[in-house]
Amino acid sequence: MAEAAVARETLFALRETIARLEGRPMPALAAAAHEVLATGLAIGSAGIAKPLPDQVSSGQALSGRSLPEPRLLATGVGDLDAALQGGLPLDALTEIRSLGLRDAGAASGFALALAARLHAQASGMATSPILWIGDTVATMEAGLPYAIGIRDFGLEPAAFLQASPRKLEDALWVAEAALGSAAFAAVILEVRGNPARFGLTESRRLALRAKAAGRPLFLLRQGGEEEASSAFFRFSVEPAPASARPLPDGSMLGGSIGHPAFRLTLEKSRNPAPLSITLEWNAHDRRFAPILDTQCPAFPGEHAAHSGADLSAPADRPDRAQALGSVLAFGRQA
């Protein structure tokens with residue numbers, strides 16, 4: 001009887017450790033805790049049943065120690081935080097991808113907004129810098145961070161460090177070393193597309209390093225497709241039209257450009273269906289705000305730059321272009 005109880009406790013402890021390293025829910029542990037609370041008994045290491053104190057939590061009953069509360073980065077938007085179950089974990093890998101390289105600015109801006117909000121929210125890590133790691137292939141297409149733009153986005157350039165390794169393997173090594181040092185508030189790793197040298201094994205190693213170090217890692221995948229990874233959450237970011245600047249009387253200033261906006265799709269989460277939402281980033285207050293379609297009015301005379309052809313192509317046109325004859329710039333002289 002005692003050996004069975006010890007084996008059960010050891011199994012629960014191993015499952016808990018593995019689940020916490022992987023960042024997954026623990027249904028078996030939750031069910032066991034519920035059963036223990038229902039019976040009012042806890043099994044000790046010696047196999048003797050004893051009453052369970054009211055102040056002892058289910059995690060303490062299974063592992064013999066108190067479990068720390070998870071550290072989360074809340075976005076401040078109710079619907080998005082509810083889908084994230086409180087916010088982004090600050091000890092896990094979060095993937096942010098753009099559909100194409102033309103949307104690299106939107107994806108990079110969202111990652112910088114998360115870093116700025118982390119600086120504003122985390123009092124203990126307020127002075128810790130942000131590390132941006134971009135391999136050569138990614139920076140050739142998406143460009144490099146700009147100090148003035150970083151300041152306008154809500155981050156201080158003095159608290160922003162950038163690394164540009166020449167190879168992807170070097171970028172992965174720098175990311176692991178930065179997470180292991182725990183010297184940075186967050187690490188942003190920028191890659192282009194879906195390179196063969198960065199797959200599920202590499203992402204899992206980075207996720208475990210972030211979990212052990214207790215630091216967030218934002219994987220910025222520029223122009224990449226969905227693929228299996230160890231990211232706790234994955235966002236798809238697209239640019240959205242910015243609304244006009246509001247005036248004190250409540251009207252909109254025509255022809256003005258307001259705060260930057262993003263169209264987010266939560267592709268990977270514990271929710272069965274993806275969530276799509278449009279947010280704008282207020283760099284002064286360092287907060288997100290949802291945008292509704294009705295909040296983006298079109299002013300008179302304004303239209304899209306590429307609204308499409310005015311006339312449709314004829315249906316009975318020839319299948320091939322006619323051969324050109326001799327073209328002369330001037331008439332023949334007599």
Worksheet entry | Entirely in region 133-197, the helices (runs of 4 or more DSSP H) that have 1 or more residues that are out of contact with any helix residue (DSSP H, G or I) (no Cβ under 7 Å at 6 or more places or on another chain), modelled with pLDDT under 90 and more than 26 Å from Ala213 (Cα to Cα) | 136-142, 147-152
Worksheet item: Quick one: which of Gly254, Gly258 is in a loop (DSSP other than H, G, I, E, B), assigned by TED's automatic domain parsing to the domain that holds Ala107 and surrounded by 15 or more Cβ atoms within 10 Å (Cβ to Cβ)?
Response: Gly258
Fill in: Neighbours by Cβ (under 6 Å, 6+ apart or cross-chain): first from region 263-276, outside the structural domain of Asp79 (by TED's automatic domain parsing); second among the hydrophobic types (A, V, I, L, M, F, W, C) and outside any strand (DSSP E or B)
none
Discussion item. Pairs needed: first member in region 136-163, over 16 Å from Arg286 (Cα atoms) and in contact (Cβ under 8 Å) with a residue 60 or more places away in the chain; second member anywhere, surrounded by 14 or more Cβ atoms within 10 Å (Cβ to Cβ) and not polar (S, T, N, Q); C-beta distance under 6 Å; at least 6 residues apart or different chains.
Written reply: Ala138/Glu190; Ala138/Val191; Ala138/Arg192; Glu141/Leu101; Ala142/Ala104
Item to complete: Select from region 282-307 the residues that are of a type in the set (A, V, I, L, M, F, W, C) and out of contact with any Gly (no Cβ under 7 Å at 6 or more places or on another chain) and write down the one among them that is modelled with the highest pLDDT.
Response: Ala289
Discussion item. Quick check on Glu227: is it of a type in the set (Asp, Glu) and part of a loop (DSSP other than H, G, I, E, B)?
Written reply: yes
Fill in: strands (runs of 3 or more DSSP E) completely within region 23-119 that count 2 or more residues being surrounded by 12 or more Cβ atoms within 10 Å (Cβ to Cβ) and at pLDDT 50 or above
93-98
Discussion item. Looking at Ala212 and the list (1) surrounded by 16 or more Cβ atoms within 10 Å (Cβ to Cβ); (2) assigned to a helix (DSSP H, G or I), which single condition is not satisfied?
Written reply: (1)
Worksheet item: Of all residues in region 198-229, how many are hydrophobic (A, V, I, L, M, F, W, C), out of contact with any helix residue (DSSP H, G or I) (no Cβ under 6 Å at 6 or more places or on another chain) and under 15 Å from Lys268 (Cβ atoms)?
Response: 3
Practice prompt. Being over 17 Å from the mean Cα position of the chain (by Cα), over 22 Å from Leu275 (Cβ atoms) and in contact (Cβ under 8 Å) with a residue 24 or more places away in the chain is the filter here, so list the residues in region 221-258 that pass it.
Written response: Ala244, Met252, Gly254, Gly255
Worksheet item: Among Ala186, Ala177, Ala158, which is the only one that is over 17 Å from Ala142 (Cα atoms) and crowded, with 20+ Cβ neighbours inside 10 Å?
Response: Ala186
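The values are calculated or read from the model by the stated rules, or taken from the named source; none is laboratory data. Keep in mind that what you see is a predicted model, and the values were worked out from it rather than measured. Ideal geometry is used to build each Cβ from the backbone, glycine not excepted, and the neighbour counts take in all protein chains shown.
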